[in-house]
Amino acid sequence: MSTKIYVGNLSFNTMEDTVRDAFEQYGQVVSCKLISDRDTGRSKGFAFVEMGSTQEASKAIASLDGSNLDGRNMRVNEARPQESNRRSFQNSRY
């Protein structure tokens, strides 16, 4: 079972391949997505990496959290489920 990891505090110059390469040292990277601003295309400074197994993810988190990548100390932890961003219109005046 794969595990999704949050990678924060990345340099705005860090490329997706650089993040992938860092995590591939600890196992199979199923996916790697550097998050960018929809309007400007500029990196938002964080990414999500999906590792092939829970064990590989745990090893990557333990090894990479606080480590330096492109001049910044990464924050690496297991990703939390996405919260809904929908507004509640029940109490709106529309």
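The values are calculated or read from the model by the stated rules, or taken from the named source; none is laboratory data. Bear in mind that the values here come from a model prediction, so they are computed numbers and not experimental data. Glycine gets a Cβ as well: all are built from the backbone with ideal geometry, and neighbour counts include every protein chain shown.
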Residue satisfying all of: in the stretch 18-44; in contact with an Asp or Glu (Cβ under 7 Å, 6 or more places away or on another chain) and among the small types (Gly, Ala, Ser); nearest to Tyr6 (Cα to Cα) among these:
Ser31
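State yes or no: is Ser31 more than 14 Å from Val76 (Cβ to Cβ), of a type in the set (Ser, Thr, Tyr) and at pLDDT below 95?
Details: more than 14 Å from Val76 (Cβ to Cβ): yes; of a type in the set (Ser, Thr, Tyr): yes; at pLDDT below 95: no.
So Ser31 does not fit the description; no.
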Determine if the stretch 11-25 includes at least one residue that is in a strand (DSSP E or B) and either under 18 Å from Arg75 (Cα atoms) or without any contact (Cβ under 8 Å) to a residue 24 or more places away in the chain (or both).
no
Touching a residue at least 12 places away in the same chain (Cβ under 8 Å) and within 19 Å of Pro81 (Cα to Cα): is that true of Thr54 in this structure?
yes
Which condition number in (1) under 20 Å from Asp70 (Cα atoms); (2) at pLDDT 95 or above; (3) more than 13 Å from the chain's Cα centre (by Cα) is the one that Ala47 fails?
(3)
In the stretch 33-82, anything surrounded by 14 or more Cβ atoms within 10 Å (Cβ to Cβ), hydroxyl-bearing (Ser, Thr, Tyr) and in a helix (DSSP H, G or I) is listed as Ser58, Ser63
